[in-house]
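What follows is calculated from the coordinates using simple rules that are stated; it is not laboratory data. Keep in mind it's a predicted model, so treat the numbers as computed, not measured. Because the Cβ atoms are built from the backbone with ideal geometry, glycine has one as well, and the counts that use them run over all protein chains shown.
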Amino acid sequence: MQKLGDFKLPHFFNYPPYFTLQPVRETSEKQIQLWKELILDYCRIQKIFVIRLEEEFPLFSNSVVERTLSHEAREAFLSALVAEGRAEWLDKGRRNCLILWHRIQEWADIIVNFVKDNGFEDSVMTVEEIRSGIESRGTELQGIDRTILVRALKLLEHKGKLAIFKGTSTDDEGVKFSV
Amino acid sequence: MVKYSREPDNPTKWSYLSMLQNLEQKKSFLISRKKYPKLIAAGMSNFFSKAEVTSSGRPVLLHNEVECHLLSAVDLEPEDHRHFSLLKSGLLILTTHRLIWLLSSSASTPTSASAIPLAAISHIFSSKKSLKSVFHSPRIRFQVLVSSDGRVFDPSSGSGSSSGSGSRSVVVTAVIRGKGDCDGFLVKFWDSWRARVWETTKISSSGSGSASGSGVATGIGGGLYSSDGSVRMVGVAGILRKEQEMWESTDKSLQDAFQDLNALMSKAKEMVMLAEKMRQKLLSGTSSQTSGTNDEDMGSKEEMQDWLLSVGIISPVTKESAGALYHQQLSRQLADFVRIPLERAGGMINLIDAYCLFNRARGTELISPDDMLQACSLWEKFDVPVMLRKFDSGVMVIQNKSHSDEEVFARIKSLVTKPEALRTGISPTDAAMTLGIAPAMAKEHLLTAESKGLLCRDISPDGFRFYINLFPEIDPCNMYLVKVPWKLLF
């Protein structure tokens, strides 16, 4: 089984037409579907939150069959993810894409569970601590993308589960939970 | 129901007369039809000679026969009602040897035709211009020799000369109801009849036989000059001289031909013979130098051969000779011509290639691309074995009606599932070699197969290749489930 780092690649990854954007509708729908799943899986396992189109992305090339996805193909697959709500373009030029292998709502639920598991119901934490604190080690929150975290927190704030406030230093924000 | 002649807006004394005349004829014809239906059927086929027709409905021309003129909607009526032969509303084609009559309808392709050899015609009446003739459809009347069995005298059949040749003659009238140029036709009719081209063919074929005979006879004796005074061909000098004379006559022949385009038309047959001779020469040339020739020479010699062979058609259908039916006849002629190139190209040929080949074969009287396109489009209306097809990419091809896409796909599928192809796919060139057609045509087939979901494409620095479509085999909910073929390949 071929691997890309720790990630197990499916067999069809070595099927050369997989790397060429198919014109025929039925075939192309299937192809797009497969790529969407693959991108989400890969990002989830490798904890990748942003794909930058102008940089090398290991998943988009296969050195065994010597094929690489064209820029057009990459944009097509990522746009499909965006349309499904599993990704978002970070800029108008569509050069950077935020991958939501968990939706924002799912992240919000994870944060709530994290708070409950660690008994932080009424305490205060900084955003950075949620990301890289001792308690978050080994959980999905470890190393979470800051943008996503803030979005999830804002969603929870909207629901009244916490309050975000500016911290004493200018570079970090604090969160008061009231879960 | 009795039909009246074409004078609906002119109810004058003359039209009444012609109505009466027609009535008389029709009455006797209808009565005899009722009384002797079987005889009618027999009589119709027995009076005129039979003429052969190609699968596209064009008459098969004899050796050396050239078409001169064509009229549509013509009735042929022998004035002797005993024979009951009345050929109605057909195409009348005048050639150097015969008058051919074809049943013409745009819906069906004629399978047989009738003909009158010009040799059987003893007299052509000049057209009488009378007041009556102004209101009638124009008529051409001529006298035809009839042999003892009641049929048109056929000089090519052996029995004609001995058994009462031309014992009787019958006047035949050709009534031209169509819009053709009747006077022009009559002039050409006179010309062709007087030219007696069918006789010169016989003389030349028998003449060459006697010449070779005398050559052999005088070869035995010695001396440079033969008994009749001509220079004898003997020894190396003789061979050289013979070559020289042949080249001179060829040269002169070419010069004569090119000076006058009309003369070129009649020399067309000679040109084809010349082409044939040169081809033979090439063939003998290549076979004698097997070791010394390199690949390039062989290639260009074969090219030359093919080029010469493509000079094929002696009697191009021109706007002049076919008038308003130009596109119809052109269409049928094109259908005939394109059969052989189609076979050689494996059943499908690019429209542009066909256009070049056709024009090259015609030599002079070239057709425009528009004419070509119109001629091909007319095939839908006729029952010809070829059709025009436009691919999604815009490429237009001519293919046999019997061509089956399914069959081609089956062949592509078997090619693309071979072990090597499963790993590396196929290119249009590979497909072209397997299918026996041009690479451009092969690519069209591959693209069509792709659009049907049979193949998918792979574009890379290696080029444009096609693989068998395995996407349907992959289950998106179970991507790591491996089905047998995958395991073997990847």
Exercise. With the calculation restricted to Cα positions, what are the radius of gyration and Dmax of the range B:423-468 in angstrom?
Worked result: 9.8, 26
Exercise. Any idea what % of Cα-Cα pairs in chain A are farther than 29 Å?
Worked result: 33 percent
For this session: With a point put 7 Å past each Cα toward its Cβ, work out how far A:Ile48 is from B:Lys252 in nm, to one decimal.
Result: 8.7 nm
Exercise. Across peptide A:70-80, what mean number of C-beta atoms from other chains lies inside 10 Å of a residue's C-beta?
Worked result: 0
For this session: Calculate one ³J(HN,Hα) per residue across the range A:107-115 by plugging θ = phi - 60° into the Karplus curve 6.51 cos²θ - 1.76 cosθ + 1.60, and present them in order as whole Hz with x for glycine and proline.
Result: 4, 4, 4, 4, 5, 4, 4, 4, 4
Exercise. Quick one: if you stick a label point 7 Å off each Cα along the C-beta vector at A:Lys92 and B:Lys269, how many nm between them?
Worked result: 8.1 nm
Exercise. Residue-wise, which Karplus ³J(HN,Hα) couplings in Hz belong to the range A:157-162, taking 6.51 cos²θ - 1.76 cosθ + 1.60, θ = phi - 60°, and x for glycine or proline?
Worked result: 4, 4, 8, x, 8, 7
Exercise. What's the percent breakdown of Cα-Cα distances in the range B:395-483 across 10 Å bins, shortest bin first?
Worked result: 16, 47, 26, 9, 2
Problem set entry | For chain A, calculated [θ]222 nm from helices alone, where every DSSP H run of n ≥ 4 adds -39500 (n - 2.57) | -12500 deg cm²/dmol
Seminar exercise, completed: The set of residues whose placed amide H lies less than 5 Å from the amide H of A:Leu90, leaving out same-chain residues fewer than 5 positions away, is A:Asn96, A:Cys97, A:Leu98
Problem set entry | Rounded, prolate or oblate (a/c below 1.5 giving rounded, otherwise prolate when a/b exceeds b/c) for the range A:104-177 by Cα gyration tensor | rounded
Problem set entry | Three-way shape call for the range B:403-445 based on the alpha-carbon gyration tensor, with the a/c threshold at 1.5 | oblate
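Could you pull out the GluC sites (Glu not before Pro) across the range A:23-75 that fall in loop regions by DSSP (anything but H, G, I, E, B) with no more than 12 other Cβ atoms inside 10 Å?
Numbers: sites: A:Glu26, A:Glu29, A:Glu37, A:Glu54, A:Glu55, A:Glu56, A:Glu66, A:Glu72, A:Glu75; in loops: A:Glu54, A:Glu55, A:Glu56, A:Glu66.
Here the sparse-neighbourhood loop sites are A:Glu54, A:Glu55, A:Glu56, A:Glu66.
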Seminar exercise, completed: Which residues qualify? For B:Val386, with a placed amide H closer than 5 Å and at least 5 residues away or on another chain, they are B:Lys401
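Other chains' Cβ within 10 Å of A:19-27 residues: what's the mean? Before the final figure, lay out each step's value.
On the way: counts 3, 8, 2, 6, 5, 11, 2, 6, 9.
That works out to 6 on average.
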Exercise. Where the convex hull is taken over the Cα atoms of the range A:1-58, what is its projected area averaged over directions, in nm²?
Worked result: 4.5 nm²
Exercise. Tell me, what ³J(HN,Hα) does each residue in the range A:71-79 have, in order and in whole Hz, if you take phi through Karplus 6.51 cos²θ - 1.76 cosθ + 1.60 with θ = phi - 60° and put x for Gly and Pro?
Worked result: 4, 4, 5, 4, 4, 4, 5, 5, 4
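How high is the FRET efficiency from B:Asp383 to B:Ser460, r the C-beta distance, R0 51 Å, rounded to 0.05? Write out the running numbers ahead of the final one.
Numbers: r = 47 Å, r/R0 = 0.92.
It comes to 0.60.
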Exercise. Does the range B:319-400 classify as rounded, prolate or oblate by the C-alpha gyration tensor (a ≥ b ≥ c root eigenvalues; a/c under 1.5 gives rounded; else a/b over b/c gives prolate, otherwise oblate)?
Worked result: prolate
Exercise. How far apart, in nm, are the 7 Å Cα→Cβ label points at B:Ser127 and A:Thr147?
Worked result: 8.9 nm
Seminar exercise, completed: hull vol. (C-alpha, convex hull) per residue for the range A:3-99, Å³ -> 96 Å³
For this session: Evaluate peptide B:458-464: per residue, the Cβ atoms of other protein chains within 10 Å of its Cβ; return the mean as an integer.
Result: 4
Exercise. Once amide H atoms are placed 1.01 Å from N in the peptide plane, what residues at a sequence separation of 5 or more from B:Ala113, or on another chain, have their amide H within under 5 Å of its amide H?
Worked result: B:Ala51
